[in-house]
Amino acid sequence: MRQSTLKLALIGILLIFAIAPVLILGAVGTFSIIGYSNDVRMNELTTVSATKAGAVETIMSGYISDATALSKMDVVVQNAQSNDGAAKDAINSFTENKADIYDTLIVDTNGNVLISSKNVEQGSFEHFNADGMPVVSGLVSWEKYGFDAMYVCREVYANPDNKTGGKLGYICLIISPESDSMLMKALSGTYLETNAYFALMDNDGNMLNYDNSGSAKKSGEVDAALTGEKDSIFERTQNVADGNAQSITGKAGKYAYSCGVIPNVTNWRWVGIADSSTFTAFALKTNMMGWIAIVVMAVLAAVIAFIVIGRFIGGMQSMLKTMSNINAEEGLSSVRFNIKKGKSELEMIQASFNDFLDEVYINGERYRTISELSDNMLFEWDFHKETMYVSDNTLTKFDLNTEGATLSNGKFLDSLMPTEDAEKYKRDINTLLKNKSGYSAEYQLKAKSGANVWVSLRATCITDRLGDPLRVIGVMTDIDNEKKMELQLSERASYDFLSQLYNRSTFIGLLSSELDRRGPKKIGVMFIDVDDFKFINDRYGHTVGDEVIRFVADTIRKKVDDKGGIAGRFGGDEFVLCYIDQADVANLEQIAMDIIDELYLGYTTAEGMLINVRASIGIAYCPEHTEDVNELISFADTAMYYVKKNGKTNYHVYVPEDSSSGEYIDPEGY
């Protein structure tokens, strides 16, 4: 009875002082990991969604640019002024060549439809607003078309270049968000292992690609929890003119979402949506190995405590000796307790411990097998034994020799990295060991094939009860395809599609950076405008017009290549150059004449036709004229306009009198 009572007392003490704290610590760690994992997943959702938002911004900008270009066409202005049907062919041709545009309308200032590529001229524009038409509308229902669609609207003026002479009406593009449209293709698809998807929401709660359906849904067809967040989403993302506005996150019912603005599109917000329950499920799955380790540690603590309170010292010493032999071996030990009778409590404990070792061995083999079958690449550094374990698939992909390698002595992963990545990796490892926590980062490693491969590395430091490091365990994942796609998307967003020069925003940003770090150096800017480009388009067609744009871009690009200069296209037939090489800046007028001469030599089209290209060039200098990036570009533009007024096909260096005339109005000043 006393033995049973003592056994129960010991079991109670073990549960209270050994197992219970470990379980409590495990529970606290679980909740911490869940919270951290949810933050990580939300950050992933935001990052990928923001990348997809860039593609949507490009498409929306394309719609607006198309509408703007149409609003300036002479036949459109004439049609809006006299209602003579002059723009009918141009409107029809434009609509036929734009897969996303269902109909193109010219609407007068009273809302009457003058021209329609779908021949719905009669009657009024269904959603006309005399107080002002939006640039991009929300999703609205159309009685005449019989489906839901959005529209893009730009004003038509009698003098479109400077918006004078009175407003004549509007150009309206009816955008049908069908599943095969560019817009819906940009929205479609799931990402992350949480099956997240990407959608657009308008200010009435209507959504495009809700539930990754590839279709447009009115607010009544959308989950009420999401539509209930509509006002909050729009109120917290009001800075629609700022393309760098930060995204926000939130929860709506069972959904977790990240959302943000589309620059210059006030009626829509992008929304990345995921089922929040999958975040927690992922965290629990990730935490399972930790719980297995906690259970093993709890069992091991109980067994050791039971042995310490053993029946006699001799048996204890024997057990300690055997355990010493086990610990002395490298890797998983084959040493077991020698059990003679198997009847005493000590021998029963020894038998149980033998079973435990067998189970550890099986688990070790299971761990090794899992690592070999997994696509993830594993490594483990043991501080006590100073040994490095690396999974076989890691050695298959990378040329590593773990002999003498530590985490960051230049003989491990850092030996495969570019210098910059290797330095970053060493700093990350030092931070990991200092904080004794985990971290994740992305690096480039040189594979056996010789190619540089992007990998995502996650590592954590395991410590003993005193806080000293025991092991560092790391997991690497090959993310080369995803990373390269991300970099390609980022690069495409900085370039003009047709000319492959920097677009307006990227050029201004790069020029601003050059002005900030120029020091005493001088910087020159050219503003180039093709003379009579509309005549080329009208006479030879837009295909030849596009060839002219590419010819001009190729010509001016050669003037800054390998010299640190910058070339960009501001839209239409307007180009800009920035020179920072001091020899070029001093010789800028001669370079301008060289550009004019080379363009005039022209190029031969695919049909064998020689086209001579003429151009007018304006020049401005920093700091001579200004140190402000916008003024510098504006002064070069003003100087170019001076050439336009005085015979064209020449260059002119800006003087203050060019601006004081009061005659110049920037045609791009929307």
query = What lysines sit close enough to LYS563 to cross-link, taking a C-alpha to C-alpha distance under 25 Å and skipping anything fewer than 8 places away on the same chain?
reply = LYS521, LYS522
task = Rank these residues by their accessible area, most exposed first, probe 1.4 Å: MET73, MET526, MET133.
result = MET73, MET133, MET526
note = Taking only the Cα positions of region 98-236, the convex hull volume per residue in Å³ is 148
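Rg to Rh for region 561-631: what is it, with Cα atoms only and Rh by Kirkwood?
1.03
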query = Say the dipole of region 541-651 comes from +1 at the beta carbon of Lys and Arg and -1 at that of Asp and Glu; which of LEU599, GLY565, HIS542 then lies farthest toward its positive end?
reply = HIS542
Sparse-neighbourhood loop sites, GluC sites (Glu not before Pro) in region 145-216 - DSSP loop, at most 14 other Cβ within 10 angstrom = GLU193
message = Counting only other residues whose beta carbon sits under 13 Å from that of ARG471, what net charge do I get with K and R as +1, D and E as -1?
response = -3
task = Could you tally the net charge around ASN587, taking each other residue with its Cβ under 14 Å from the Cβ of ASN587, Lys/Arg +1 and Asp/Glu -1?
result = -1
ask   = Can you list the residues of region 110-137 with backbone N under 19 Å from a point 7 Å past the Cα of LYS163, pointing along Cα to Cβ?
value = 110, 129-137
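Holding the Cα-Cα limit at 31 Å, pick out from LYS254/LYS426; LYS534/LYS558; LYS144/LYS534; LYS52/LYS411 the pairs that are longer than that. Provide the component values of the computation, followed by the final result.
Numbers: LYS254/LYS426 41 Å; LYS534/LYS558 25 Å; LYS144/LYS534 35 Å; LYS52/LYS411 39 Å.
Pairs exceeding 31 Å: LYS254/LYS426; LYS144/LYS534; LYS52/LYS411.
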note = Carbon plus sulfur, as percent of the 1.4 Å-probe accessible area of region 53-197, comes to 44
ask   = For region 458-549, which chymotrypsin sites (Phe, Trp or Tyr not before Pro) are in a loop by DSSP, counting at most 11 other Cβ atoms within 10 Å?
value = PHE497
key: Long-range amide H partners of LEU378 with built H, under 5 Å   = SER391, THR394, MET476
query = Hey, what does the equivalent ellipsoid look like for region 539-670, semi-axes from the Cα gyration tensor as sqrt of 5 times each eigenvalue, largest first, whole Å?
reply = 26, 18, 13
task = Quote the accessible area belonging to MET593 in square angstrom, nearest 10, computed with a 1.4 Å probe and with ligands, DNA and RNA left uncounted.
result = 60
key: Virtual paramagnetic centre 7 Å along Cα→Cβ of SER494, amide N under 15 Å, in region 564-583   = 564-569
query = When the accessible area of region 509-642 is computed with all protein chains present and a 1.4 Å probe, what percentage of it is carbon and sulfur?
reply = 46
ask   = Okay, which of region 126-162 sit inside 18 Å, backbone N to the point 7 Å along the Cα-Cβ direction of GLU221?
value = 138-151
query = In nanometres, what is the gap between the two model label sites at SER232 and GLN78, each 7 Å from Cα along Cα-to-Cβ?
reply = 5.6
task = In whole Hz, with x marking every Gly and Pro, tabulate ³J(HN,Hα) for region 595-605 from phi via Karplus 6.51 cos²θ - 1.76 cosθ + 1.60, θ = phi - 60°.
result = 4, 4, 5, 5, 5, 5, 4, x, 8, 9, 6
ask   = Ignoring ligands, DNA and RNA, what accessible area per residue does region 31-182 give at 1.4 Å, in Å²?
value = 44
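The values are calculated or read from the model by the stated rules, or taken from the named source; none is laboratory data. Only a predicted model underlies this, so the values are computations on that prediction, with no experimental measurement involved. When we count neighbours, we look across all protein chains shown, and the Cβ atoms used for this are built from the backbone with ideal geometry, even at glycine. SASA here: full protein model, heavy atoms, side chains in, ligands and nucleic acids out. Shrake-Rupley method; radii C 1.70, N 1.55, O 1.52, S 1.80 Å.
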